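In what follows, a single structure is set out as structure tokens and then discussed.
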Amino acid sequence: MGDFIIKTGDLLKVTIPPPAIVPMLEAPVPLEGSGETVTVNDTPVCLRGDELPDILMEPLPYTAPPFIVPGTGKLTLTLLPDNMTLQTLNGRPILIKGGQFPALFTVETPASQPTPAGPVPDPVIAKPGTAEFITTNETVTAS
């Protein structure tokens, strides 16, 4: 069964559960499609590789109370088969809405908790979560 095609302007919503707080992930982030030859309403479609917007590729600040001195981490997404087409455009599948898929926030520089004895680093390096596409396309589907 097909699902709605993801295009430029659609959104990526990432949820990393508390206590982790990643300000850049608080609101959905717009996607930019690289499928210039295939469009939906004159808007480029998103291909595999477009799922992580450039703004989220850099190290992202985070806290995880009681570790309130910010640290940084990187976000990775793992698309599932129901988030992309089997057919490919130039060797890359087209992204489709599908269901939620895994997201992982991996700490690079731990947030820390200030104490009289010195800062205590956040011991949790991997912070798993979920991601999903939000689309305004309600007409064009693919499978």
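Every number here is computed from the coordinates shown, using simple stated rules; none is lab data. Computed from a predicted structure; not experimentally measured. Cβ coordinates were reconstructed from backbone atoms using ideal geometry, including for glycine residues, and neighbour counts include every protein chain displayed.
Quick notes
- Note on Lys13: aspartates and glutamates with a C-alpha under 15 Å away, same-chain residues under 8 apart excluded, are Glu26, Glu32, Asp50, Glu51, Asp54, Glu132.
- For the stretch 25-42, 3J(HN,Hα) per residue [Karplus equation, 6.51 cos²θ - 1.76 cosθ + 1.60, θ = phi - 60°, Hz, x = Gly/Pro]: 9, 5, 10, x, 10, x, 9, 10, x, 10, x, 4, 8, 10, 10, 10, 6, 6
- Taking other C-beta atoms within 10 Å as the exposure proxy, Asp50, Asp3 rank Asp3, Asp50 from fewest upward.
- Which label in (1) 94; (2) 146; (3) 116 gives the computed volume of the Cα convex hull per residue in Å³: (1)
- Computed over the stretch 1-82: relative contact order in percent, which uses C-alpha pairs under 8 Å that are six or more apart: 27
- For the pair Thr43 and Met57, label points projected 7 Å from Cα toward Cβ lie 2.2 nm apart.
- Taken over the stretch 84-143, the convex hull of the Cα atoms encloses 124 Å³ per residue.
- The residue list Gly118, Ala131, Pro53 was ranked by how far each Cα lies along the charge dipole of the stretch 3-138 toward its positive end, using unit charges on Cβ atoms, and Gly118 comes out on top.
- Relative contact order (%) - criterion: Cα under 8 Å, at least six apart; region: the stretch 3-138: 30
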